[in-house]
Amino acid sequence: MEKRWSLQGMTALVTGGTKGIGYAVVDELAALGAIVHTCARNQDQLNERIREWNEKGFKVTGSVCDVSSDAEREKLMEEVSSRFDGKLNILVNNAGTNIYKATLDYTAEDFTSLMNTNLQSAFHLSQLAHPLLKASGAGKIVFMSSIGSVVSVNPQYPLYSASKGAMNQLTRNLACEWAKDNIRVNGVAPWFVRTPLTAHSLDDESIAKEVFSRTPMRRVGEPGEVSSVVAFLCLPAPGFLTGQIICVDGGMSVNGFSMG
């Protein structure tokens, strides 16, 4: 395979890689030849996933990390630096969460918790990864944003959407500031994707109808349809692409009306 369409020998860190979109991203990068390190909070789940990847012949390792913790983020990056000899080609800030409430029901603790997990963790990990990405000579950061950063998707997403909107602006700023260090920074903003976390929602006929009616392609996305875009952004081929937020949403964000 031509080098510009391969990740052969490149190193990657993907946060939250044991399920959903994160799992698909690890799978995709490893299939393209990357040596991947991932993290999750659950040791058993991590071990099971790593065993699956190794059986496929993929080069994947992992460690337990709660990305909402400063100390655990620092420990994670120390391990990555040690494992990859002080160089990192790819950082995918994927781990995130939501607290489903109406705006008036949020507490100050909810705000702090959600912003710390979604935004501060991605910001801090990018800071910690910077010297490793710079040392690689060709670094890439991909932020896992959300279509909620672009349009209002649900009454119970105000803080989640705000954290992802801030992430988009962080993407643009880092892209400009770190271009001189040969680091490209982009974001991916998915709409409704079929994962273990969303599967139960689709069982609710009213939610499924609402999602389909707002999506011109009249279906939900699959994790692999998001991970393929993440992988594209990490490839050498689109070398002039930086500071962009790519919506992977079946046309939802450009749709001006309900499809009925």
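Among 48, 28, 52, which is of a type in the set (D, E, K, R), within 12 Å of residue 230 (Cβ to Cβ) and at pLDDT 95 or above?
Values: 48 fails: within 12 Å of residue 230 (Cβ to Cβ); 52 fails: within 12 Å of residue 230 (Cβ to Cβ).
Answer to the selection: 28.
Might you check whether a residue that is over 19 Å from residue 26 (Cβ atoms) and surrounded by fewer than 19 Cβ atoms within 10 Å (Cβ to Cβ) occurs anywhere in region 184-195?
At the first step, the residues of region 184-195 found to be over 19 Å from residue 26 (Cβ atoms) are 184-185, 189, 191-192.
Add one more test, that the residue is surrounded by fewer than 19 Cβ atoms within 10 Å (Cβ to Cβ), and what stays is none.
For region 184-195, residues over 19 Å from residue 26 (Cβ atoms) and surrounded by fewer than 19 Cβ atoms within 10 Å (Cβ to Cβ): absent.
Which of the helices (runs of 4 or more DSSP H) contained wholly in region 62-177 include at least 3 residues that are charged (D, E, K, R)?
Values: elements: 70-83, 108-115, 121-136, 158-177.
The helices (runs of 4 or more DSSP H) meeting that bar are 70-83, 158-177.
Quick grid of which residues meet (1) within 30 Å of residue 210 (Cα to Cα); (2) touching a helix residue (DSSP H, G or I) at 6+ places or on another chain (Cβ under 8 Å); (3) open to solvent by less than 40 Å² (accessible area, probe 1.4 Å):
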| position | (1), (2), (3) |
| --- | --- |
| 65 | no, yes, yes |
| 75 | no, no, no |
| 80 | no, yes, yes |
| 94 | yes, yes, yes |
| 149 | yes, yes, yes |
| 154 | yes, yes, no |
| 159 | yes, yes, yes |
| 167 | yes, yes, yes |
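Which of (1) without any contact (Cβ under 8 Å) to a residue 60 or more places away in the chain; (2) open to solvent by 30 Å² or more (accessible area, probe 1.4 Å) does residue 114 not meet, given it meets every other one?
The one condition residue 114 does not meet is (2).
Enumerate the pairs (first residue in region 126-143 and within 15 Å of residue 76 (Cβ to Cβ); second residue anywhere and open to solvent by 20 Å² or more (accessible area, probe 1.4 Å) and part of a helix (DSSP H, G or I)) with beta-carbon separation below 7 Å, excluding pairs fewer than 6 apart on the same chain, so at least 6 apart or on different chains.
If the second residue must be open to solvent by 20 Å² or more (accessible area, probe 1.4 Å) and part of a helix (DSSP H, G or I), the pairs left are 128/74; 132/81.
The values are calculated or read from the model by the stated rules, or taken from the named source; none is laboratory data. Computed from a predicted structure; not experimentally measured. So basically every Cβ, Gly included, is an ideal-geometry build from the backbone, and we count neighbours across all protein chains shown. The protein model used for the area step is the full one, side chains on, heavy atoms only, and it has no ligands, DNA or RNA in it. Shrake-Rupley method; radii C 1.70, N 1.55, O 1.52, S 1.80 Å.
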